[in-house]
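Trainee: Quick one: structure below, then a few questions.
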Amino acid sequence: MLFEGLDLPTVWFALVAVLFTGYALLDGFDLGVGAIHLSARTDEERRVHLNAIGPVWDGNEVWLLTGGGALFAAFPSVYATVFSGFYLALILVLMALIFRAVSIEVRSKHASPVWRSAWDIAFSVGSGLAALLFGVAMGNLLRGIPLDASREYAGSFFDLLNPFSLILGVIALGHSALHGALFAALKTEGEHRTRLSALAAKLSLPVLGAYIAFAVATPFLAPHLSDRVREHPALAALPLITFAALAAIRGSLNKEKRGRAFGLSCVAMASTMVLFALLMFPALVRNSADPAASMTAANACSSPKTLNNMLIIALIGMPLVIGYTVFIYRIFHGKVTLNKTSY
């Protein structure tokens, strides 16, 4: 094999983490623009929101599809456990993403105010619900879920709605809204941009407060995570980076450094995702009933030959995906202008 001697399960754990981090950074602002969509005052401003993400939203979702595909191929038993255990929650996510996509495409096809208002609500609710549920899913993975002897989820849907996971869901929704407001401010001009900047400034402090409150509550709600940080003190640097980046956003906006503010939001989100991956490793699904029986990169992976061949494909495909993403963002980097072909 080409990569014989390489710790392929760990490599694929890292690659899956990179894919989902890319999705959080890119589709995070798409979901956030949807979450704040109803704050727009006019039909024209709402069209600007749609056109700000219109050229890129479907490409951003490729990172989610690729991450899910990589999880399926590299860790099939994890994919089976998560998708069967979180089945109802994932159906809700799927419905939210479908309604969001349909709303973008059909909202401006008819001039009726009732038609457009209905799709505006669907776009905003679908985006916000997806962000919330992604955070809840992350919370449950960090906290751990009960698995039976056959590695099947032994809880119910309502067990997933625990305080720890719901708090992380609210944080995901709040940070997505902040991320979206900052991105939309980069794509707009005039009074609309000023209001979006003001909204982002208002959101930054509650989001920072929610992160800090979550960190304070973690030792009580998920003590095993605090134990891991004590075992590896360097992990404590990541939440500090998140806090510092979020705290600096308001100052950047006051100086009208909107690009810097958006970059700081990206740093905060990326450091959170890295912390999530490091707190989970080597587990992909932590068994709260018996932590020793958790599903890890080593015991839930595909065969070495499969991982080896997939890595060859990934080394060819990932540069293409990254290159395409960079190309699209360079093409559509300017301010939004509306015309008869716009959403």
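Trainee: Under 17 Å between alpha carbons, and skipping anything fewer than 8 positions from K305 in its own chain: which aspartates and glutamates qualify?
Mentor: In chain and number order, the partners are E4, D7.
Trainee: Now a separate question. Per-residue ellipticity at 222 nm for the chain, helices alone: DSSP H runs ≥ 4 residues times -39500 (n - 2.57), over residue total, nearest 500 deg cm²/dmol? Kindly include the intermediate steps, with their values, before the conclusion.
Mentor: On the way: 12 runs with 253 residues, N = 343.
Per the formula, -25500 deg cm²/dmol.
Trainee: Give me the one-decimal nm value for the distance between modelled label points at D159 and Y329, 7 Å along each residue's Cα-to-Cβ direction.
Mentor: Distance between label points: 4.0 nm.
Trainee: Follow-up question, since we're still on this one. Counting only trypsin sites (Lys or Arg not before Pro) that sit in a DSSP loop (anything but H, G, I, E, B) with at most 16 other Cβ atoms within 10 Å, what is the longest stretch of the chain containing none of them? If you can, show how the numbers build up before the last one.
Mentor: Details: sites that count: R41, K255, K257, K335, K340.
Counting at most 16 other Cβ atoms within 10 Å as exposed, the longest clean stretch of the chain is 42-254.
Trainee: By how many nm would the segment from S77 to A298 grow when fully extended, if each residue of separation counts as 0.36 nm and the alpha-carbon distance is taken off? Don't skip to the answer; put the middle values down first.
Mentor: Working: separation 221, 0.36 × 221 = 79.56 nm, distance 1.17 nm.
Length gained, S77 through A298: 78.4 nm.
Trainee: Ok, one more. Helix 304-331 against the longest principal axis of the chain: what's the angle in degrees, Cα atoms only, rounded to the nearest 10?
Mentor: The two axes meet at around 10 degrees.
Trainee: With a sphere of radius 12 Å drawn around the Cβ of L65, what net charge do the other residues whose Cβ falls strictly inside it have (Lys, Arg +1; Asp, Glu -1)? It would help to have the intermediate numbers written out before the result.
Mentor: On the way: positive: none; negative: D27, D58, E61.
Around L65, the charge tally is -3.
Trainee: Can you find, among G34, P55, H192, the residue sitting farthest towards the positive end of the charge dipole of region 8-331, where Lys and Arg contribute +1 and Asp and Glu -1 at Cβ?
Mentor: H192
Trainee: Residues with amide H under 5 Å of T296's amide H, sequence separation 5 or more or different chain, H placed in the peptide plane at 1.01 Å from N; which?
Mentor: L284
Trainee: Can I ask one more? Testing the spin-label approximation: label points 7 Å from Cα along Cα→Cβ at E4 and T194. State their distance in nm.
Mentor: The modelled label-to-label distance comes out at 6.9 nm.
Trainee: Let me ask something additional. Given a Förster distance of 35 Å, report the FRET efficiency between T337 and A247 from their Cβ-Cβ distance, rounded to the nearest 0.05.
Mentor: Details: r = 34 Å, r/R0 = 0.98.
For T337 and A247, the calculated efficiency is 0.55.
Trainee: Checking the table K255/K340; K202/K257; K255/K335; K257/K340; K187/K340 against a 25 Å threshold on Cα-Cα, which pairs fail? Kindly include the intermediate steps, with their values, before the conclusion.
Mentor: Working: K255/K340 35 Å; K202/K257 16 Å; K255/K335 20 Å; K257/K340 32 Å; K187/K340 19 Å.
Cα-Cα > 25 Å for K255/K340; K257/K340; rest within.
Trainee: I've got another one for you. Report, in degrees rounded to the nearest 10, the 0 to 90 angle that the Cα long axis of helix 237-254 makes with the longest principal axis of the chain.
Mentor: 0
Trainee: What is the projected area of the convex hull of the Cα atoms of the chain, averaged over all directions, in nm²? Kindly include the intermediate steps, with their values, before the conclusion.
Mentor: On the way: hull surface 70.7 nm².
About 17.7 nm², averaged over all directions.
Trainee: Using Cα atoms only, what is the angle between the long axis of helix 258-280 and the major principal axis of the chain, expressed in degrees (0 to 90) to the nearest 10?
Mentor: With both axes taken from Cα atoms, the answer is about 20 degrees.
Trainee: Just add up the charged neighbours of K257: K/R +1, D/E -1, any other residue whose Cβ is under 14 Å from the Cβ of K257.
Mentor: Values: positive: R193, R250, K255, R258, R260; negative: E256.
Net charge in that neighbourhood comes out at +4.
A short reminder: the numbers here are calculations on the coordinates, not readings from a lab. The structure presented is a predicted model; accordingly, all values stated were derived computationally and were not measured. Cβ: placed from backbone, ideal geometry, glycine included. Neighbour counts: every protein chain shown.
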